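Trainee: Let me begin by handing over the structure; questions about it come next.
FYI, it's all coordinate maths here, none of it is from the lab. Keep in mind that this is a model prediction, so the values were computed, not measured. Because the Cβ atoms are built from the backbone with ideal geometry, glycine has one as well, and the counts that use them run over all protein chains shown.
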Amino acid sequence: MTAVTTEPSAPTSAAAADGSQRPLRPAPTLWQRARRDRLVLLFALPGMALILAFAYYPLLGNVIAFKDYQPFIGILQSPWVGLQNFSVLFDGDPYFLVALKNTLVVTLLQVVFVFPAPIVLALVVNSVLSPRLKQFVQSVLYLPHFLSWVIVVAIFQQTLGGSGLLNSFFRSHGMATLDIIGNADLFKALLTSQVIWKDTGWAMILFLAALSQIDQSLYEAASVDGASRLRQTWHVTLPGLRSIIILLFILKLGDSLTVGFEQIILQQQAVGTAASEVLDTYVFNNGIVGGAWGVSAAVGLVKGVVGLALVLAANKVAHIFGEQGVYQG
């Protein structure tokens, strides 16, 4: 008698929690998901339209970096010049080199002083203040973020300018005045202090949210082991913040060559272009004011490509050290 064997068929059911068998449902198609989430997509349409119109569609204008663009004849009729507009980068134009140098210096100052400031402030607010006082301090500290740069610059000028409150106090007491606002040597330090005053309180919110997610039992265990407050911060708090710090640092690198156009252009006349010209103001002064549209577009395009390369490289390094980074892959 020959035994009959049958091949196992593909599974057509799945075991439920109660042991019964339920048939497997096929994954919904793209059209089915779109119909299911049609209300969500409908609400998202205005935002998507704005992004397409004001973020992606303008990218097509980068083509003028390869043209001798003249506004009165339009982009399509402007003649192609290849890489001629990029010669300012390769031939060492002195104005471009000054702008590049100032941009790198301001970027370095912001990475060293501006980026760690909200981390330090979040640690101080979270560990020192009571919950009720913490809410009040948060409200006060992030209010400057909602002020425009016009108001922020005006506040600093009215406080530190030649006729400001500080120098008026010095004059009334027979002391020498300080030249801060119009001092080219102090301009980069002034920019850094303005950014810290305006945006540190707002960025602190992200780190306070991350601190609230750290398991409090870790602090209790560290305290039982005899760890001081400083060691608890080093071994518990900072590792808990590591992921958000790396994520924000990668995003900061992508925007590192953009150091505040509005903030600088409002104060450029007081200190001159030698101390204040950066890549953003170089693009404005040469493109909008000087009419060198193609050269300005070339500089802006290279700046964007460098920012993208920094993000990709930093994200790859984050993956090597076991962090998620901005995206997986």
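Trainee: Determine ³J(HN,Hα), in whole Hz, for all residues of segment 138-149 in sequence, where each value follows from phi through the Karplus function 6.51 cos²θ - 1.76 cosθ + 1.60 and θ = phi - 60°; x replaces Gly and Pro.
Mentor: 4, 4, 6, 6, 8, 4, x, 4, 8, 7, 6, 5
Trainee: Helix 238-254 versus the longest principal axis of the chain: what angle, 0 to 90°, nearest 10, using Cα atoms?
Mentor: Roughly 60 degrees, rounded to the nearest 10.
Trainee: In addition: Percent of Cα-Cα pairs more than 24 Å apart in segment 190-310, please.
Mentor: 51 percent
Trainee: While we're on this one: If amide hydrogens are placed 1.01 Å from N in the peptide plane, which non-local residues have theirs closer than 5 Å to the one on Lys67?
Mentor: Val81
Trainee: Put +1 on the Cβ of every Lys and Arg and -1 on every Asp and Glu Cβ in segment 225-329; which of Ala275, Ile320, Val295 then has its Cα farthest towards the positive end of the dipole?
Mentor: Ile320
Trainee: Right, something else. Assigning unit charges at the beta carbon (Lys, Arg +1; Asp, Glu -1) and nothing else, what dipole magnitude in debye, to the nearest 20, does the chain show about its Cα centre?
Mentor: It works out to roughly 720 debye.
Trainee: Further question on the same structure: Could you give each residue of segment 182-197 its phi-based ³J(HN,Hα) in whole Hz, using Karplus coefficients 6.51, -1.76, 1.60 with θ = phi - 60°, and x for Gly or Pro?
Mentor: Running phi through 6.51 cos²θ - 1.76 cosθ + 1.60 with θ = phi - 60° gives x, 8, 5, 5, 9, 5, 5, 5, 5, 4, 5, 5, 5, 5, 4, 5 Hz.
Trainee: A follow-up question, please. Under the definition of Cα pairs under 8 Å and six or more residues apart, what whole-number percent is the relative contact order of the chain?
Mentor: 22 percent
Trainee: As I understand it, the value is the acute angle between the Cα axis of helix 94-109 and the longest principal axis of the Cα atoms of the chain; what does it come to in degrees, rounded to 10?
Mentor: The helix 94-109 is inclined about 60 degrees to the chain.
Trainee: Each residue of segment 64-79 in order: what ³J(HN,Hα) in whole Hz does its phi give by Karplus 6.51 cos²θ - 1.76 cosθ + 1.60, θ = phi - 60°, with x for Gly and Pro?
Mentor: So the J values, rounded to whole Hz, are 5, 5, 10, 10, 8, 6, 10, x, 6, 10, x, 5, 5, 8, 5, x.
Trainee: OK, next. Once the Cα atoms of helix 293-320 and of the chain are each reduced to a long axis, what angle between those two axes, in degrees from 0 to 90 to the nearest 10, is obtained?
Mentor: Long axis of 293-320 versus the principal axis of the chain: about 50 degrees.
Trainee: Still on this structure, please answer the following. Sorting check: for 47-54, 80-87, which peptide has the highest mean count of neighbouring beta carbons within 10 Å, and how do the rest follow?
Mentor: Result, highest mean Cβ count within 10 Å first: 80-87, 47-54.
Trainee: Additional query: Cα centroid distance between segment 131-184 and segment 210-284, in Å?
Mentor: 22 Å
Trainee: According to the Cα gyration tensor, what semi-axes, each the square root of 5 times an eigenvalue, does the equivalent ellipsoid of segment 65-219 have, listed from largest to smallest in whole Å?
Mentor: 40, 28, 16
Trainee: Put +1 on the Cβ of each Lys and Arg and -1 on the Cβ of each Asp and Glu in the chain; which of Ala222, Leu241, Tyr56 then has its Cα farthest toward the positive end of the dipole?
Mentor: Of the listed residues, the answer is Ala222.
Trainee: Sticking with this structure for a sec: Add -39500 (n - 2.57) for each DSSP H run of 4 or more in the chain, then divide by its residues: what number comes out at 222 nm, to the nearest 500 deg cm²/dmol?
Mentor: About -17500 deg cm²/dmol.
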